[in-house]
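What follows is a single structure, written as structure tokens, with notes after it.
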Amino acid sequence: MTLLLGFRDAREVRLARGGRGGACGVRDEEDRYESGEHAAGSAMRMPRAEILARTVAVATKQVPGAREVAARVLVRVLRDQSFAAAALETELSRAAQLDARDRGLATELVYGTLRVLPWIVGELDARAKKPTESLPWEARAALWVAAQQIFFMRVPAFAAVDEAVSAVKRAAGPHVAGFANAVLRKLAAAPKPE
């Protein structure tokens, strides 16, 4: 199976590479029009380097997961004073590739975290050497989501910690990711609330 990342169909890939379109090497008017030969002759072909760059750019674009969607919603709600339902609906519509289970997970993470956020912040700050409010919003939201999973959901602690540390690393760098890893490991070792 050929991946046609960034292209509409196999004919467009052949045309971009300078190959021939159509069946059996016969080119029809549509092929000439799409390749640009109708106006400028055969000089309008896309170089291979551009094809590779276009394909890699599409292939490396990261698809947000349920945890990342939940963290974005929390940032919008707490930093930007948005309504949780509206922010969640907007972020879920942006992440249309999420299946029903991931949409449900994102919803539970948002509403569950908002429900007990003061307690989560207290637990995080009790195990950190410095207050977490000095961290960037995106890093704090990743910590909140991880704490929600560790304490209130049946998600393995190592999975919640790993996802959060990766998100913090993308948002604030490796130094802050190390801090998040230490705090979340302490949190995972703590007794669960009743």
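The values are calculated or read from the model by the stated rules, or taken from the named source; none is laboratory data. None of the values given here were measured: they were computed from a predicted structure. Glycine also receives a Cβ, built like all others from the backbone with ideal geometry; neighbour counts cover every protein chain displayed. For accessibility, only protein heavy atoms count, side chains too; no ligands or nucleic acids. Shrake-Rupley method; radii C 1.70, N 1.55, O 1.52, S 1.80 Å.
What are the residue pairs meeting all of these: first residue in segment 177-194, first residue over 11 Å from A126 (Cα atoms) and open to solvent by 10 Å² or more (accessible area, probe 1.4 Å), second residue small (G, A, S) and outside any helix (DSSP H, G or I), Cβ atoms under 8 Å, and 6 or more apart or on different chains?
Partner pairs satisfying both residue conditions: F179/A128.
Can you tell me how many residues within segment 50-63 are under 18 Å from D99 (Cα atoms) and either modelled with pLDDT of 85 or more or among the aliphatic types (A, V, I, L, M) (or both)?
Taking segment 50-63 and keeping what is under 18 Å from D99 (Cα atoms), we get 62-63.
Those still in the list that are either modelled with pLDDT of 85 or more or among the aliphatic types (A, V, I, L, M) (or both) too: 63.
So the count comes out to 1.
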